[in-house]
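The values are calculated or read from the model by the stated rules, or taken from the named source; none is laboratory data. Keep in mind that what you see is a predicted model, and the values were worked out from it rather than measured. All Cβ positions, even for glycine, are placed from backbone atoms using ideal geometry, and neighbour counts span all protein chains on display.
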Amino acid sequence: MRLSHTCSLLACAFLSMAAVPAAASGGDGYQTNRFASEFQPANAALFASGNLGVLPGSYWRVYHYLAYQAARGRPLTKEQVAALGLHTWHVGHSSEWAGVYPEKNSADAWLAARAPYAAHMALPATLEIDANADTADSESYLNCHSDAFRQAGVTMAARARLGAGGKPDAWFKSWLQGQDAVFSNCAEPPHAFGEPVPKRVVKLPPPLPASAPDWLKDDHVYQTAAANFYARNFDLARTQFQAIARQPKSPWQALAPYLAARTLIRKAMLDYPLRDKQPAARERVEALAQTRQELDALAKTSGPARHMVTLVEARLNPAERLAALARALDKEAFGPDTPRMLHDYLVLMDKVMESAPNSALAAREPMTAWIASMQAGPGSGAIHALRKSWLKQGDPLWLAPLLGMARASELTAAERKAAAAVPATHPLYQTLQYHLARLALAEQQAERADKDIDRLLSAYGKQMSVATTNRFLALKMVSAGSVEEFLKAALRRPDPVERGEAIDAAPARADVAETDQDFGIAMSRHLPMTELKVLLKHPLLPPAWKPQLQETMLTRALIFNDEESALGLLDAVSKSRKSTAHLYERYRKAASGTERKLAGALILVNTPELQPSVVDKDDKPRYWGCAGTDGQPQVAPHVVMPAPRFLGAQRTAEAAKEQAVLLGLPLRTEFLAPALLEWARTKPVDEEAPKALHFLVASTRMECPYGTAVPAEKQLRARYSREAYEVTHKLYPASKWTKATKYYY
């Protein structure tokens, strides 16, 4: 990722502090939830005004800044939010993190302004300008900033009026050719990704004749220095800018010292890559220290120099600069410098949270400590530091991270009482109420939690954001006292922030109820077969879930040898499976016991997509065909919740026993192989025997290995694969399924 600091001059090109993608302003990998955004609110202006809803720790840090200000009684106005130029986690309208697109628009504006002059001077109508480049570490940065194109446009218009009659002349054409040469250095030489950037060949403005006017000669010297700057000839560019600074008649004299300092910054960041060890790190520090000295001398009369000093300080003393920015953002009124300061603060915060998160938690500045605490999450161990440092202030602000961190029984009675006493007018009220209900559920106080959730949804539901409503409904699904309430709470509206769909997904229908991942987890983990039967017939069950639930229940019934349940599901599951419909009929006609168990094994080996939908104690789905956690499907980060209240102790215990059996199952092939091999060895006159062994062999290829601890050839699945292969070829040599079984795995 890249970022950019607002610049105002032609050669603005400070290589910014590299943000770390792993935790970019609060994200923990790019995972989204269609029903409650993990990263940002749907309406930033409404959020900043104090309508925080339930504030998750996963939000990008810029939104925690907005929440902090609102909770401190300093909500931002719509105009102030607009001034921040928010774009996801970015602050600023020309952020390099947003890619090259904002800058390409600036280049396009320059090219559009240039076009009529180029046509008049018979110059190329268009130019290829790529403002993007890579460091030696393959991190992108912006070589030619938008201000360079804007300043060039202003200068171009002024120089065009210097000809006879105020119109462009041949000298202007020379100027324009020189500026075209400058911008041709913005792009780096072609090279493969990850490989070193080839040494550049600078493209200089064409030489001028001795008869050229003084203004053009001055501009030509400046353009030459700028071309060397963009081409990474930093030492030469610096010397040339310093020479311009000694020319009192040059229109660029006042700007040149600043640009000379900028070349030193660019040299420090590009010629001495950030990941290099000594002596490059020492040389980089020395270059930045020299830059700071030069910028300090310019700061009294130059706004850009004053700004750049702070960026150099951030490189030299990041912890001190972070602290200074936190104090300024916390204590000073919102002003013109706030967006820039916030941008720099967030960049530094990214670096701290990646390299030393505990230092942020222990920060003396309340804003930094609060944001870090909000993002710490349950079980982080930060709760003790929070109690020691900040809770003694008695400010409800600090109760939000405390409750967010807390797990069952970790709150003291006084802390719980203080959180419950926070008035409904406080911006963090819904966040605190959410966590009080969450903790009540974890502490087996589901009935109390249910009443509180109903009260909140009734009183504030119409004003709640979609994401906040869905977060409370997720709790309601656990606190529900009946299956009807459970199913109603499972129905969710998509969060406007998260609208991503699979490329081949069918268009969404407004009348189709949707469910979040927690519904499937709750059904799979906490509902026993007896309750799944009730759910299957319930009118509130979303229609899309019915076929999946039927398949899950049939798979479990076949595994449990629950013939009654299996018989009741055969028609529904076989309806869409014409090629294997005869196997379902075979099960129906089979004698109870061993014969029906074999018929069930034939269904399972022929239909590998049938899964028992197993979820472990951490709410992680288990794929029947993978050992341990290898190859298991991912689940979005969330707090593991207890079983829904409506089930009661007996049904919850039934589900736990069933889950224990399912979690203890061997791999699919290892479960099916003994019965199928024993039957096949009797050499029945039945084409289903070699067919079943063929699929048994094939299925071992699709399963996840046990890991490196057990060599593949010594795994039980490998032995069964070989046995199935040998039995097939020995006893059924003429079968088409045997001929298709060319290998074992």
Residue that is surrounded by the most Cβ atoms within 10 Å (Cβ to Cβ), among those in segment 377-412 that are modelled with pLDDT of 90 or more, out of contact with any Gly (no Cβ under 6 Å at 6 or more places or on another chain) and under 22 Å from Q40 (Cα atoms)
P401
With respect to V62, is the statement that it is surrounded by fewer than 22 Cβ atoms within 10 Å (Cβ to Cβ), among the hydrophobic types (A, V, I, L, M, F, W, C) and at pLDDT 95 or above true?
no
When segment 643-698 is examined, which residues are found to be hydroxyl-bearing (S, T, Y) and out of contact with any Ser or Thr (no Cβ under 9 Å at 6 or more places or on another chain)?
T652, T682
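Here is a yes/no grid of residues against (1) out of contact with any Leu (no Cβ under 7 Å at 6 or more places or on another chain); (2) under 24 Å from L527 (Cβ atoms); (3) surrounded by 21 or more Cβ atoms within 10 Å (Cβ to Cβ); (4) without any contact (Cβ under 8 Å) to a residue 40 or more places away in the chain:
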{"residue": "L432", "(1), (2), (3), (4)": "no, no, yes, yes"}
{"residue": "D454", "(1), (2), (3), (4)": "yes, yes, no, yes"}
{"residue": "L457", "(1), (2), (3), (4)": "yes, yes, no, yes"}
{"residue": "S479", "(1), (2), (3), (4)": "no, yes, yes, no"}
Among helices (runs of 4 or more DSSP H) completely within segment 545-619, the ones holding 2 or more residues that are within 44 Å of the chain's Cα centre (by Cα) and either surrounded by fewer than 17 Cβ atoms within 10 Å (Cβ to Cβ) or hydrophobic (A, V, I, L, M, F, W, C) (or both) are 545-560, 563-574, 594-606
Of the residues T338, T263, T301, T291, which is over 19 Å from R232 (Cβ atoms), of a type in the set (S, T, N, Q) and in contact (Cβ under 8 Å) with a residue 24 or more places away in the chain?
T338
Sort through L676, L662 and tell me the only one that's touching a strand residue (DSSP E or B) at 6+ places or on another chain (Cβ under 7 Å), at pLDDT 90 or above and not small (G, A, S).
L662
Identify all residues within segment 219-232 that are of a type outside the set (G, A, S) and either under 18 Å from P206 (Cβ atoms) or free of Cβ contacts under 8 Å to residues at least 24 places away in the same chain (or both); write none if there are none.
D219, H220, V221, Y222, Q223, T224, N228, Y230
Please go through segment 713-745 and pick out each residue that is over 17 Å from W679 (Cβ atoms), in contact with a Phe, Trp or Tyr (Cβ under 8 Å, 6 or more places away or on another chain) and among the aromatic types (F, W, Y).
Y743, Y744
So which residues in segment 299-319 are among the hydrophobic types (A, V, I, L, M, F, W, C) and out of contact with any Lys or Arg (no Cβ under 8 Å at 6 or more places or on another chain), if there are any at all?
A305, L311, A319
Filter segment 353-368 down to residues that are modelled with pLDDT under 95 and surrounded by 19 or more Cβ atoms within 10 Å (Cβ to Cβ) and give me whichever is nearest to T431 (Cα to Cα).
L361
Counting only residues that are at pLDDT below 95, of a type in the set (D, E) and assigned to a helix (DSSP H, G or I), how many does segment 679-722 have?
1
Is at least one residue of segment 393-402 in contact with a Ser or Thr (Cβ under 7 Å, 6 or more places away or on another chain) and assigned to a helix (DSSP H, G or I)?
yes
